[in-house]
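Accompanying notes for the structure given below.
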Amino acid sequence: MRLTVNGEPRECDAETLDALWRQETADLDLPGPQGFAIALNGAVVRRGDWARTRLAEGDRVEIVRAMQGG
């Protein structure tokens with residue numbers, strides 16, 4: 001399906017937000033999603049809901065990682 005992820009259009013086979021997060025962060029070798037937030041079509045989705053939040057053609061997803069520093 002076609003999604004917009006962090007402002008960039010892409011083809012994706014992920015069916016849920018959790019699966020999309022795993023695909024998008026696979027190269028980072030992270031133990032889990034701590035420090036990440038996801039918005040779907042402009043609404044923040046609670047981390048506990050990622051696995052049951054299904055994606056649909058044309059969805060806009062923003063994946064944000066909190067960083068320390070100043």
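The values are calculated or read from the model by the stated rules, or taken from the named source; none is laboratory data. Just so we're clear, the structure is a prediction, and the values are computed from it rather than from any experiment. All Cβ positions, even for glycine, are placed from backbone atoms using ideal geometry, and neighbour counts span all protein chains on display. Quick note on the areas: whole protein, heavy atoms, side chains included, nothing else; ligands and nucleic acids left out. Shrake-Rupley method; radii C 1.70, N 1.55, O 1.52, S 1.80 Å.
Looking only at region 41-70, how many residues end up being assigned to a strand (DSSP E or B), open to solvent by 100 Å² or more (accessible area, probe 1.4 Å) and closer than 23 Å to residue 13 by Cβ?
Qualifying residue count, region 41-70: 3.
Within region 1-40, which residues are part of a loop (DSSP other than H, G, I, E, B) and open to solvent by 70 Å² or more (accessible area, probe 1.4 Å)?
Correct list: 6, 13, 15, 29, 31, 34.
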